[in-house]
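Structure first, then comments.
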Amino acid sequence: MTPPDLDDLIAEVDRRCDTAHRPGGPEQPDWLALLTAAAQLSGQLEALAQDLVEHYVEHCRMHGNSWTDIGTALGVTRQAAQQRFHTPHRRYSPETTTDDLRQAMTHVKQAAVQHRNNYIGTEHLLWGLTAEDNSATRLLQAAGVSPETVHRSVGARLSMGASQAAERIPWTPYSRKAVAIAEARSEQNGSDLIDCDDLLIGLAQVGRGVAADVLTEAGFAPRDRRLGRR
């Protein structure tokens, strides 16, 4: 894969802002409109680059590399690497989740501990969401997908690790993205609380990770993700 060069990026800006070059329009293109499109594209590229590096930092941490090692690999100090990439062990607060989602999170933690995993991946989240009846399992049923089948399928992909049980288990980047999507969906629906179906849709919309693969194989198609409890 060859990264895009400047000409490629300029062409993409022109494509996104074709009205700035409309035939028969002003002699000069709309430079401010083009600048706005360029800034949006730049932000997307920066976020993608951050996700790329964060993905591998997370794996380095999972496999025992120190912050000093990671800082050396990135060409920065240990403190700089830790400040940039260290994140809380969870990206949600009990005060912002429904009772059902809090209950599902107990299954999530149990799955990680029982399998001696030192991370919370999308597979653990999907396992917890489908462990009991809740808005996520009802959303699956509404989409013609068996929650029990999903639960068994994701359970078969939970691999046994070698870590000791810990109170603070870090979340993978895809898991944190899923929660961010769930938070946004909850806010869009006018709720202060994230529910299980919000997180299910977050897992599906991340598009990568074990949970997304399981949901796709089960037939939870994009059109089903628009379904909701509200």
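Quick notes on this one:
- Output for the range 94-109, where each listed residue is over 18 Å from GLU187 (Cβ atoms), free of Cβ contacts under 8 Å to residues at least 40 places away in the same chain and open to solvent by less than 70 Å² (accessible area, probe 1.4 Å): MET105, THR106, HIS107, VAL108
- Members of the range 56-67 that are exposed (fewer than 14 other Cβ atoms within 10 Å of the Cβ) and touching a residue at least 12 places away in the same chain (Cβ under 8 Å): SER66
- Members of the range 3-33 that are modelled with pLDDT of 80 or more and over 20 Å from GLY43 (Cα atoms): PRO29, ASP30
- The single residue among PRO3, PRO29 that is part of a loop (DSSP other than H, G, I, E, B), surrounded by fewer than 15 Cβ atoms within 10 Å (Cβ to Cβ) and free of Cβ contacts under 8 Å to residues at least 40 places away in the same chain turns out to be PRO3.
- Considering residues of the range 175-203 that are under 17 Å from ASP99 (Cβ atoms) and either in contact with a Phe, Trp or Tyr (Cβ under 7 Å, 6 or more places away or on another chain) or outside any helix (DSSP H, G or I) (or both) only, the residue most open to solvent (accessible area, probe 1.4 Å): ASP192
- Hits in the range 204-218 (condition: in a helix (DSSP H, G or I) and of a type outside the set (Ser, Thr, Tyr)): ALA204, GLN205, VAL206, VAL210, ALA211, ALA212, ASP213, VAL214, LEU215, GLU217, ALA218
- Residue within the range 46-68 that is over 26 Å from ALA184 (Cα atoms), part of a loop (DSSP other than H, G, I, E, B) and modelled with pLDDT of 90 or more present: no
- Some residue of the range 128-136 being within 29 Å of SER191 (Cβ to Cβ), open to solvent by less than 70 Å² (accessible area, probe 1.4 Å) and β-branched (Val, Ile, Thr): yes
The values are calculated or read from the model by the stated rules, or taken from the named source; none is laboratory data. Remember, it's a predicted structure, so these values are computed and weren't measured experimentally. Here Cβ is always computed from backbone atoms with ideal geometry, including for glycine, and neighbour counts include all displayed protein chains. We work out accessible area using only protein heavy atoms, side chains counted, and drop any ligands, DNA or RNA first. Shrake-Rupley method; radii C 1.70, N 1.55, O 1.52, S 1.80 Å.
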